[in-house]
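Quick notes on the structure that follows.
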Amino acid sequence: MRTFVIGLLIVFCPFALLAQREGLSRFERIFTTDADFGTAEKVQEGDVIFNELMPFVTEGRSKFVELLNNSPRIIDLKTLNIANIDEEGVISKVKKVSDTTLLLSPGQYVVLAPDTDAINCPAGRNSESLYLKNALPLFSSTTTSLVLFDEDTLIIDKIVYSLKWHTPDIEDIHNVSLERINPNGETQDSLNWHSAASTVGYQTAGFENSQMLKKGVSGGKRFWLEENIFSPDNDGFQDYLKIGYNLPKEGYLLTVRIYTRSGSLVCTPFSNFLVPQSGVLTYNGTFEGNSAMIETGLYVMRVEGHHRSGKKYIENLVFIKAK
């Protein structure tokens, strides 16, 4: 009889687990079920990315690095290392992300800090994220090169950050994190990073970034503005002018010029900028190569897309720079 019962358990246990899985919400399936029912896969370049950095803190607060699993794979954090890397590619001060097997699900965050209790994120702790005590490599308050690599020294992501990436109107950048805007954008693109919004307490450790870019709808156009009003005051609302584009194929160069309503050229934030077939560019309201902001008012943005085949698309977009 005991043998028969054990046999039934063996047969029906997988179905019970599946039933349990079906009872979970979509959010729970992404962050909990995949890790519980799946197995880790070999990490690939770009699977795990640097997503938020807190390099400059006051006494009693902790620096931290936030990583995001930006892939459809489950990643074992034990296979990852974080370190410094110099201009010649020499890696130093290597720290393991985790000393034990720890699975990171697709879309899940992990926060690394010397003292996780001193992160002091106003939102508290996200129960769906991981918070790991980690000594971290050299993490300077001005600029540092960080690299994430696997057991075979395959570089997964790399960044050379600078505090100059903070929004110019923040006078004190102590305890203000740098957030990645677009997970699918280039890590090293300074325009893909911004100070965390004041409305979230200047950091979002373990939570979605306050400056996270959400791609809009094109309406069938090649170029469009997700919203035509922006106010780059770091309050977490309309801090960027977001320029969407959808081109017929790869290989287009985009040039973006901004004019006054009378037709005078103000600045050219993007010039012959090679872009993927579709995506979003972000404009922070400054002159090119200058931290000064353009004045409040109405402007015309001329977006031009040129392909080596000779094909060209041009769109004039009107926007307002608010206070």
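Subtracting the Cα-Cα distance of Thr100 and Thr255 from their residue separation scaled by 0.36 nm leaves 51.0 nm.
Structure remark: mean-square fluctuation, Gaussian network model of the chain, C-alpha springs under 10 Å; the largest value among Ile82, Ile258, Ile294 belongs to Ile294.
Radius of gyration over Kirkwood radius for segment 223-321, both on Cα atoms: the Rg/Rh ratio is 0.96.
Bridgeable lysines around Lys42 (alpha carbons under 18 Å apart, same-chain partners fewer than 8 residues away excluded): Lys78, Lys96. Neighbours of Phe207 by Cβ distance under 14 Å: Lys/Arg scored +1, Asp/Glu scored -1, total -3.
Considering every Cα-Cα pair within the chain, what fraction, in whole percent, is farther apart than 35 Å? Percentage above 35 Å: 31. Contact order for the chain, expressed relative to its length and based on alpha carbon pairs under 8 Å spaced 6+ residues apart, stands at 12 percent. Net charge around Ser62, counting only other residues with Cβ within less than 10 Å of its Cβ (Lys, Arg = +1; Asp, Glu = -1)? My count for the surroundings of Ser62 gives +1.
The GNM of the chain, with springs linking C-alpha atoms under 10 angstrom apart, assigns the highest mean-square fluctuation among Ile156, Ile170, Ile243 to Ile170. Extension gain, Asn246 to Thr58: 0.36 nm times the residue separation minus the Cα-Cα distance gives 63.3 nm. Converting phi to 3J(HN,Hα) with the Karplus coefficients 6.51, -1.76 and 1.60 and the offset θ = phi - 60°, segment 245-257 yields 8, 9, 9, x, 6, 6, x, 7, 10, 9, 10, 10, 10 Hz in sequence order, with x at every glycine or proline.
Straight-line reach from Lys133: taking Cα to Cα under 14 Å and skipping same-chain neighbours fewer than 8 places apart, the aspartates and glutamates in range are Glu66, Asp99, Asp115, Asp117. Taking 0.36 nm per residue of separation and subtracting the Cα-Cα distance, full extension of the segment from Ser162 to Ile314 would add 51.3 nm.
Entry note, segment 48-200: relative contact order of 26 percent, from Cα contacts under 8 Å with a spacing of 6+ residues. Each Lys or Arg adds one and each Asp or Glu subtracts one; over the other residues with Cβ under 11 Å from the Cβ of Ser98, this totals +2.
For the chain, adding -39500 (n - 2.57) for each run of n ≥ 4 DSSP H residues and dividing by the number of residues yields -2500 deg cm²/dmol at 222 nm. Give me the angle, in degrees from 0 to 90, between the Cα long axis of helix 2-22 and the longest principal axis of the Cα atoms of the chain, rounded to the nearest 10. It works out to around 10 degrees.
In this rough spin-label picture, where each label sits 7 Å from Cα along the Cβ direction, the Gln277-Glu227 distance is 3.0 nm. Packing around the peptides 122-132, 44-54, 189-199, taken as the average count of other Cβ atoms within 10 Å per residue, puts them in this order, highest first: 44-54, 189-199, 122-132. With a/c under 1.5 counting as rounded, go ahead and sort segment 48-200 into rounded, prolate or oblate using the C-alpha gyration tensor (a ≥ b ≥ c being the square roots of the eigenvalues; past the cut-off, prolate if a/b is larger than b/c, else oblate). Rounded, because the longest to shortest axis ratio a/c is under 1.5.
Quotient of the Cα radius of gyration of segment 138-232 and 2.2 N^0.38 Å, N being its number of residues: 1.26. For Lys249, the lysines whose Cα comes closer than 30 Å to its Cα, not counting residues fewer than 8 places off in the same chain, are Lys158, Lys214, Lys215, Lys221, Lys311, Lys312.
Taken together, the values in this text are just the output of simple stated rules run on the coordinates, not laboratory data. Small disclaimer: the values here were computed from a predicted structure and weren't measured. All Cβ positions, glycine included, derive from the backbone under ideal geometry; neighbour counts span all protein chains shown.
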